[in-house]
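*Asks:* This is the structure I have questions about; it appears just below.
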Amino acid sequence: MPHTVVSHNEWLAARRELLKAEKRLTHLRDEVAAQRAALPWLRIDKPYVFDTLEGPRTLAELFDGRSQLIIQHFMFAPGWAQGCPSCSFMADHIDGMNPHLANHDVTMLAVSRAPLADIERYRQRMGWSFRWVSSHGNSFNRDFRVTFTPEEIASGHIDYNFGQWDETGEEWPGVSAFFKDESGAVFRTYSTFGRGVEVMMGTYAILDIAPKGRNESEGMEWLRRHDQYAKG
């Protein structure tokens, strides 16, 4: 996009005009956040058990002593050699957030269907410290509509992002939030899919204020796993 070069006063006037739109967006974001906080909750009664480095753990045990849990539905299926690059981009942001989240009564981790040994091999390669568990052998991914059967894929549409999705594939990304009360009951409070997962992509927030913006032509075609960028 070509840009005009203007005087200081002209630049300041244009910036103040943009600030009005930014403030409207901030207020709208606050309104949406309030609606999100007011959502009804769904009690989780299914006895999900996950493979972890500490042994089998239930969903309630993944809270790690806290009352809130955020899960990244990470696209990594059995038989895959490595995790999805865009999910890896999301996960790159977790370790920096986790000390602050833990101090605010929130546990954050990732869940994938790949066997734990494959997950751990990839986690070590990426240099991540966050907890990442396997849902291999349980229906967690299917129930949360982030894994789809060959029959669903062959139909040409899947039930994803709370509606019919014409793009198909075995695995899809998401982020879900849970609460555990004093009795130990677990509730699903929120899930987001599609572009909603950008909530984890802080890098995009910085690109959005960079001179070239996101500078994308075909979505995230520019993205690589962080150990695959050219050095220099």
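The values are calculated or read from the model by the stated rules, or taken from the named source; none is laboratory data. Everything numeric here is computed off the predicted structure, so don't read it as measured data. No Cβ is skipped: glycine too gets one built from the backbone with ideal geometry, and neighbour counts run over all protein chains shown. The protein model used for the area step is the full one, side chains on, heavy atoms only, and it has no ligands, DNA or RNA in it. Shrake-Rupley method; radii C 1.70, N 1.55, O 1.52, S 1.80 Å.
*Asks:* Mind checking which pairs have a first residue in the stretch 139-164 that is part of a helix (DSSP H, G or I) and a second that is modelled with pLDDT under 95 and open to solvent by 40 Å² or more (accessible area, probe 1.4 Å), Cβ under 7 Å, 6 or more apart or different chains?
*Replies:* As it stands, the answer is ILE153/THR168, since those pairs meet every condition given.
*Asks:* Let me ask something additional. So ILE209 clears everything in (1) open to solvent by less than 80 Å² (accessible area, probe 1.4 Å); (2) among the hydrophobic types (A, V, I, L, M, F, W, C); (3) not in a helix (DSSP H, G or I) except one condition, right? Which one?
*Replies:* Here ILE209 meets the rest and fails (1).
*Asks:* Here is a follow-up. Condition first: over 28 Å from ALA33 (Cβ atoms) and buried (at least 19 other Cβ atoms within 10 Å of the Cβ). Can you find one or more residues in the stretch 140-149 that meet it? Steps first, please.
*Replies:* Filtering the stretch 140-149 for residues over 28 Å from ALA33 (Cβ atoms) gives 142, 147-149.
Filter once more, keeping what is buried (at least 19 other Cβ atoms within 10 Å of the Cβ): 147-148.
Checked against the condition, which is being over 28 Å from ALA33 (Cβ atoms) and buried (at least 19 other Cβ atoms within 10 Å of the Cβ), the stretch 140-149 yields at least one hit.
*Asks:* Inspect the stretch 158-174 for any residue being over 18 Å from SER88 (Cβ atoms), touching an Asp or Glu at 6+ places or on another chain (Cβ under 6 Å) and surrounded by 14 or more Cβ atoms within 10 Å (Cβ to Cβ) and give the result as yes or no.
*Replies:* Within the stretch 158-174, one or more residues are over 18 Å from SER88 (Cβ atoms), touching an Asp or Glu at 6+ places or on another chain (Cβ under 6 Å) and surrounded by 14 or more Cβ atoms within 10 Å (Cβ to Cβ).
*Asks:* Something else now. What are the residues in the stretch 95-108 that are under 21 Å from TYR48 (Cβ atoms) and either among the acidic types (Asp, Glu) or buried (at least 20 other Cβ atoms within 10 Å of the Cβ) (or both), if any? Step through it out loud before you land on a result.
*Replies:* Within the stretch 95-108, the first condition is being under 21 Å from TYR48 (Cβ atoms), and the residues that meet it are 106-108.
Within the stretch 95-108, THR107, MET108 meet the criteria.
*Asks:* Which of the following residues is hydroxyl-bearing (Ser, Thr, Tyr), open to solvent by less than 10 Å² (accessible area, probe 1.4 Å), under 24 Å from PRO47 (Cα atoms) and touching a Leu at 6+ places or on another chain (Cβ under 8 Å): SER134, SER112?
*Replies:* Values: SER112 fails: touching a Leu at 6+ places or on another chain (Cβ under 8 Å).
Every option except SER134 fails the conditions.
*Asks:* Among what's in the stretch 1-53 and is among the small types (Gly, Ala, Ser) and loosely packed, with under 10 Cβ neighbours inside 10 Å, pick the residue that is nearest to SER129 (Cα to Cα).
*Replies:* Among them, the one singled out is ALA37.
*Asks:* Among the residues of the stretch 98-117, which ones are within 22 Å of SER67 (Cα to Cα) and part of a loop (DSSP other than H, G, I, E, B)?
*Replies:* If the condition is that a residue be within 22 Å of SER67 (Cα to Cα) and part of a loop (DSSP other than H, G, I, E, B), then HIS104, ASP105 are the ones that fit.
*Asks:* Also, I was wondering about something else. So for the stretch 118-128 (the condition being among the hydroxyl-bearing types (Ser, Thr, Tyr) and either surrounded by fewer than 19 Cβ atoms within 10 Å (Cβ to Cβ) or part of a loop (DSSP other than H, G, I, E, B) (or both)), does at least one residue qualify?
*Replies:* No, the conditions are met nowhere in the stretch 118-128.
*Asks:* What's the number of the only condition in (1) closer than 30 Å to TRP222 by Cβ; (2) of a type in the set (S, T, N, Q); (3) open to solvent by less than 30 Å² (accessible area, probe 1.4 Å) that GLN82 fails to meet?
*Replies:* Looking at each condition in turn, GLN82 falls short on (3).
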